[in-house]
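Participant: Dropping the structure in here first, questions after.
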Amino acid sequence: MRDESDSPRPVTQTPSPAPAQPLGEDCRTQELTKQPKEAGDAWLKLENDGDAAVVVFLGEPHPRDVAVIDNKFVPFTRRLKAEGHKPVLRFTHNVALFETREVKVLEYGIAFFKDVLRVRHAFGLETWAVEVQRHGAAKDWWQTRYSLQPERRLSPEQQQSFQGLPLHDLAKLRVDASAAAEAARRGAAGARPPNARLVQYLSNVLKTMPRKRVERLLHHHLGMQQVGDVSAMRGEEWQTFVEEVAVEYQAFWERNC
């Protein structure tokens, strides 16, 4: 959902640190709202120059390493690293539209993340509604930047109301969108469903691995919380997961996959 104002604010070429001036994002950052169509309506979309939305930030940002494949973000795996792709750090953040209180997901890069931190330090994200505005033509992501400007202070009652809104599961939402993009890149033939023996073996393997390694595999790559979730994975999620584990267990991979 976008703010359809007939009078968008002019672009500020050199943002001032004063509160009244927007904080700008490096134009080289990937387009803020480029998402696979399969991601649905959860994402905040600012598609044209001057599009803006007044939002309240909710909760904490969710960081994730991704790779840019065909203008889409996919999980950054060892296989992509071996192919020469570079990781890109992205963040997702729950935000509520000020007027409707509808909770959307905003995705941004490291430069905009620094602006979020500056606003948090100077004003407090929980106490202000802020305007996010796009500066750049549609599809011209290389020259596009985004500004962040405090818009209005929230009353204590408003703060309590906004912070009580239900949030999107950022880890799962990002996995669903990334898995869809990766599945499209691989083609339908690449999405092989798991078999019971392999699930059991890898579940046992995970139990012997260091906890931090397991958390990285399950949570950061797949948005899962426990080993038991392995059996519920879809085909494309399964393939991404197996490729990660296979790096350490190559012999089993060659016998069974």
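The values are calculated or read from the model by the stated rules, or taken from the named source; none is laboratory data. Being a predicted model, the structure only gives us computed values, none of them experimental. Cβ coordinates were reconstructed from backbone atoms using ideal geometry, including for glycine residues, and neighbour counts include every protein chain displayed.
Participant: Please indicate, with yes or no, whether at least one residue in region 74-90 is within 30 Å of P156 (Cβ to Cβ) and touching a strand residue (DSSP E or B) at 6+ places or on another chain (Cβ under 7 Å).
Facilitator: Checked region 74-90: no residue is within 30 Å of P156 (Cβ to Cβ) and touching a strand residue (DSSP E or B) at 6+ places or on another chain (Cβ under 7 Å).
Participant: Out of region 36-92, which residues are on the phi > 0 side of the Ramachandran plot and in a loop (DSSP other than H, G, I, E, B)? Even if it seems obvious, please write down each step before you answer.
Facilitator: If we filter region 36-92 for residues that are on the phi > 0 side of the Ramachandran plot, which is where we start, we get 40, 50, 59, 70-71, 84.
Those that are on the phi > 0 side of the Ramachandran plot and in a loop (DSSP other than H, G, I, E, B): G40, G50, D70, N71, G84.
Participant: Filter region 64-117 down to residues that are loosely packed, with under 14 Cβ neighbours inside 10 Å and in contact with a Leu (Cβ under 7 Å, 6 or more places away or on another chain), then give me how many there are.
Facilitator: Result for region 64-117: 1.
Participant: Can you tell me which of A111, A82, A67 is assigned by TED's automatic domain parsing to the domain that holds A42, touching a residue at least 24 places away in the same chain (Cβ under 8 Å) and not aromatic (F, W, Y)? Don't jump to the end; show me each part of the working.
Facilitator: Numbers: A82 fails: touching a residue at least 24 places away in the same chain (Cβ under 8 Å); A67 fails: touching a residue at least 24 places away in the same chain (Cβ under 8 Å).
On inspection, the qualifying residue turns out to be A111.
Participant: Enumerate the helices (runs of 4 or more DSSP H) found wholly within region 100-188, keeping only those where 2 or more residues are within 15 Å of the chain's Cα centre (by Cα) and either modelled with pLDDT under 95 or closer than 24 Å to V66 by Cβ (or both).
Facilitator: Result: 110-122, 170-186.
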